[in-house]
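**Student:** My questions all concern the structure below.
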Amino acid sequence: MANLAINHVTKSFGSLAVLNDINIAIEDGEFLVLVGPSGCGKSTLLSIIAGLDEHTSGSITIDGDPVDGLEPKERDIAMVFQSYALYPAMSVEQNIGFSLEMSKMPKAQRLERVSKVADLLQITHLLKRKPGQLSGGQRQRVAMGRALVREPKIFLFDEPLSNLDAKLRVEMRTEIKKLHQRLGATIVYVTHDQIEAMTMATRIAVMKDGILQQFGTPEDIYDRPKNVFVATFMGSPAMNLLPATVVGETLSLKGADAVLPVPASVVAPLTEGREVLLGLRPEWLSLASAGSPSGPSLPLLVEVIEPTGPDVFAALRAGEREIMARLPTGTPVAPGQKASFAIDLSKAILFDAASGVAL
Amino acid sequence: MPAIVLSPSLAAVTVCVYGFIAYTAILSFTGSKMFARFDFVGWRQYERLFENPRWITAIENMAIFGGLYIIGATCLGLFIAILIDQKIRLEGVFRAVFLYPMALSFVVTGVIWQWLLNPGLGLEHMMRSLGWESFTFQWLIEPERAIYTIVIAGVWQVTGFVMALFLAGLRGIDTEILRAARVDGAPIHKVYTRIIIPALRPAFLTVFVIEAHLAIKSYDLVVALTKGGPGVSTELPSTFMYSMTFTRNELGVGAASATVMLVSLASIIIPYLYSELRNDRHA
């Protein structure tokens, strides 16, 4: 178990930078998720941490010791691959024990370690089988067993759940989280799925085009995104972004003929007439009822209702703007209805319209 | 509709392949000499076959040639495939160079190697004219060694094709597996012996089946390279079968030798195919 620091890591192929001055540091036992759209450099960064790829500049330290230039086996890490990368000609037992065999551990001790891990992952009955005879979920477990058996300082996961079906993915997600809590291991996990990132991480690093957009706890990332990209990438349905102009102490929503007060979270002074984007998560809207204390609200037309079970997603219209709201099931709304919706401005975020940076 | 499309070729295969196999098997139990006759003589032709020292030589040569040809071409082909798989430059050029011998017929291969190995024309002559007067390489005309010249020519011709098959197999291996092996700390020779080569099992099956049938039916190579000689020292079952059937008027013995070849080939390949295909279904 160990801490990990990524200091000013840059990777470029000629003039093309795939990673640009990445700085991330996590403590012992943390679960770091690298998340971003495909091609953002998250997998490359993981490969660099593993020692499978080399970075152009910067340094990586594990437990304070620089590991730059070391082979993967010298870094005391273990990795779970997206395709599981099981050795097809070996049994499950040999697959899990292969790294120990390569480090010349005596056979008796090796088998003991393998059986302990198999027990933990409930795959003891599969030990004699070949990977070709296993289902996707079982292969996934074997791949995790191969990492666990080494008892490394850091576990690296490269989109390990992306080949599983939806139900199994949710199960394995919980299982990985349980393992993390039980072993207290330091984990770096790559995914493009923002729900995986939110549910599993203790720290999230959101990346785009080789640049670290924001690094923080899931709450930070969700409630206080630093820019429009992070705001819209994390959360589903995505955050609503309403173009507005600053008029005195209020925001005049463009194309909607409505005025709202400036959110309390804004600390930067706003000049008159500044173009901004008002960021509202769908759950920050609710149906204004007669009894509730009066706050800022907007009259909106309900266009489409999408029940999901626990929630109802409602596509609302204000002039030219469409706004998504997440309402509790049972909220009395119907398509075509006009209603007044309360807006929780204590959470709302204001972004600069040109740069996309939060104000 | 599929039945209509397939039926002409099915009929052709049934008559021309299986029909004539059956006809040959029947002939081997008759006393046929120059022409087919249907006077059944039981196992007599098989007894005569195995009493014939030329047939025994042919079988011994088959074992030497077949064994060395299969082992040699497989090992060499795999080795070249592994070298080419190292992300080298000009890969396409190398692949083509190694594959070209496959484009030549066995007869051409035989003639080329006959020239190369001929003491008065080829390698020996060249070394001597370069000044190495004592250089001697006369395998082609030594009865004990001549069979190995056929192995050399055969391996030379088929290695490129074997390489292409293995290369396809190597390219089919998930690169993440190689990365996983690196993380697991496996040295490069272990990666090959423990992971990559075992993963090439299907390619080994294909290679073995192709080499085995090429070895057993090889006829033109021998004819072009040594004509079965010196003497009968490079006689193979196929050349024996041909000369018995068509030049020595022993149709019955020829048919018997052909049947023995078929049965021995089948007894090697059928169990192998059976076990491999059954494993595949389980996997």
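**Student:** Search the stretch B:135-150 for residues being in a loop (DSSP other than H, G, I, E, B) and open to solvent by less than 90 Å² (accessible area, probe 1.4 Å), and hand back the single one that is nearest to B:Gly229 (Cα to Cα).
**Tutor:** Across the stretch B:135-150, the extreme among qualifying residues is B:Pro143.
**Student:** Could you tell me whether B:Gly172 is more than 29 Å from B:Leu273 (Cα to Cα) and either over 19 Å from the mean Cα position of the chain (by Cα) or without any contact (Cβ under 8 Å) to a residue 60 or more places away in the chain (or both)?
**Tutor:** So B:Gly172 does not fit the description; no.
**Student:** Still on this structure: Could you go through the stretch A:333-341 and let me know if any residue there is among the charged types (D, E, K, R), touching a strand residue (DSSP E or B) at 6+ places or on another chain (Cβ under 9 Å) and not in a loop (DSSP other than H, G, I, E, B).
**Tutor:** The answer is yes; a qualifying residue exists.
**Student:** Moving on to the next point. Taking the stretch A:1-57 as the search range and keeping residues that are of a type in the set (D, E, K, R) and assigned to a loop (DSSP other than H, G, I, E, B), which one is surrounded by the fewest Cβ atoms within 10 Å (Cβ to Cβ)?
**Tutor:** So the residue we want is A:Glu54.
**Student:** Of these, B:Arg182, B:Arg128, which one is in a helix (DSSP H, G or I), over 31 Å from the mean Cα position of the chain (by Cα) and over 30 Å from A:Ser103 (Cβ atoms)?
**Tutor:** Of B:Arg182, B:Arg128, the one residue that is in a helix (DSSP H, G or I), over 31 Å from the mean Cα position of the chain (by Cα) and over 30 Å from A:Ser103 (Cβ atoms) is B:Arg128.
**Student:** Just to verify a result, which residue in the stretch A:60-118, among those that are part of a loop (DSSP other than H, G, I, E, B) and hydrophobic (A, V, I, L, M, F, W, C), is farthest from the other protein chains (Cβ to nearest Cβ)?
**Tutor:** This residue is A:Val67.
**Student:** Sticking with this one: Assuming B:Gly122 fulfils every condition listed in (1) open to solvent by 30 Å² or more (accessible area, probe 1.4 Å); (2) under 27 Å from B:Asp220 (Cβ atoms); (3) without any contact (Cβ under 8 Å) to a residue 12 or more places away in the chain apart from one, which condition is it?
**Tutor:** For B:Gly122, the exception is condition (1).
**Student:** Here is a further query. Could you list, in sequence order, all residues of the stretch B:203-222 that are touching a helix residue (DSSP H, G or I) at 6+ places or on another chain (Cβ under 7 Å) and within 14 Å of chain A (Cβ to nearest Cβ)?
**Tutor:** B:Ala203, B:Leu205
**Student:** Quick check on A:Ala256: is it in contact (Cβ under 8 Å) with a residue 24 or more places away in the chain, within 21 Å of A:Asp223 (Cα to Cα) and touching a Lys or Arg at 6+ places or on another chain (Cβ under 7 Å)?
**Tutor:** no
**Student:** Same structure, new question: So for the stretch A:176-198 (the condition being in contact (Cβ under 8 Å) with a residue 60 or more places away in the chain, open to solvent by 50 Å² or more (accessible area, probe 1.4 Å) and in a loop (DSSP other than H, G, I, E, B)), does at least one residue qualify?
**Tutor:** The answer is yes, given that some residue of the stretch A:176-198 is in contact (Cβ under 8 Å) with a residue 60 or more places away in the chain, open to solvent by 50 Å² or more (accessible area, probe 1.4 Å) and in a loop (DSSP other than H, G, I, E, B).
**Student:** Identify, please: which residue in the stretch B:63-96 is open to solvent by 50 Å² or more (accessible area, probe 1.4 Å) and either of a type in the set (D, E, K, R) or in contact (Cβ under 8 Å) with a residue 60 or more places away in the chain (or both) and is, among those, nearest to B:Gln157 (Cα to Cα)?
**Tutor:** So the residue we want is B:Leu76.
**Student:** Can you spot a residue in the stretch B:171-185 that is within 20 Å of B:Ile70 (Cα to Cα) and within 8 Å of chain A (Cβ to nearest Cβ)?
**Tutor:** No, that holds for no residue.
**Student:** Of everything in the stretch B:200-243, what is open to solvent by less than 30 Å² (accessible area, probe 1.4 Å) and either among the charged types (D, E, K, R) or more than 22 Å from the chain's Cα centre (by Cα) (or both)? Give them in sequence order.
**Tutor:** Of everything in the stretch B:200-243, those that are open to solvent by less than 30 Å² (accessible area, probe 1.4 Å) and either among the charged types (D, E, K, R) or more than 22 Å from the chain's Cα centre (by Cα) (or both) turn out to be B:Glu211, B:Glu235.
Let's see how each residue does on (1) at pLDDT below 90; (2) open to solvent by 60 Å² or more (accessible area, probe 1.4 Å); (3) within 30 Å of A:Gly36 (Cβ to Cβ):
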{"site": "A:Glu93", "(1), (2), (3)": "no, no, no"}
{"site": "A:Leu100", "(1), (2), (3)": "no, no, no"}
{"site": "A:Leu111", "(1), (2), (3)": "no, yes, no"}
{"site": "A:Leu120", "(1), (2), (3)": "yes, no, no"}
{"site": "A:Arg129", "(1), (2), (3)": "no, yes, no"}
{"site": "A:Ala147", "(1), (2), (3)": "no, no, yes"}
{"site": "A:Ile154", "(1), (2), (3)": "no, no, yes"}
{"site": "A:Ser162", "(1), (2), (3)": "yes, no, yes"}
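**Student:** How do the pairs read when you match residues in the stretch A:326-348 that are open to solvent by 70 Å² or more (accessible area, probe 1.4 Å) with residues anywhere that are of a type in the set (D, E, K, R), using Cβ under 9 Å and keeping only pairs 6 or more apart or on different chains?
**Tutor:** Pairs that qualify, where the first residue is open to solvent by 70 Å² or more (accessible area, probe 1.4 Å) and the partner is of a type in the set (D, E, K, R), are A:Pro328/A:Asp311; A:Thr329/A:Asp311; A:Pro335/A:Glu303; A:Lys347/A:Asp223; A:Lys347/A:Arg281.
**Student:** Which helices (runs of 4 or more DSSP H) sit wholly inside the stretch B:189-251 and have at least 3 residues that are charged (D, E, K, R)?
**Tutor:** The qualifying helices (runs of 4 or more DSSP H) are B:201-217.
The values are calculated or read from the model by the stated rules, or taken from the named source; none is laboratory data. Not measured: the values here are computed from a predicted model. Neighbour counts are summed over all protein chains in view; Cβ atoms, including those assigned to glycine, are modelled from backbone coordinates with ideal geometry. Side chains are part of the model used for accessible areas, which takes the heavy atoms of the whole protein and leaves out ligands, DNA and RNA. Shrake-Rupley method; radii C 1.70, N 1.55, O 1.52, S 1.80 Å.
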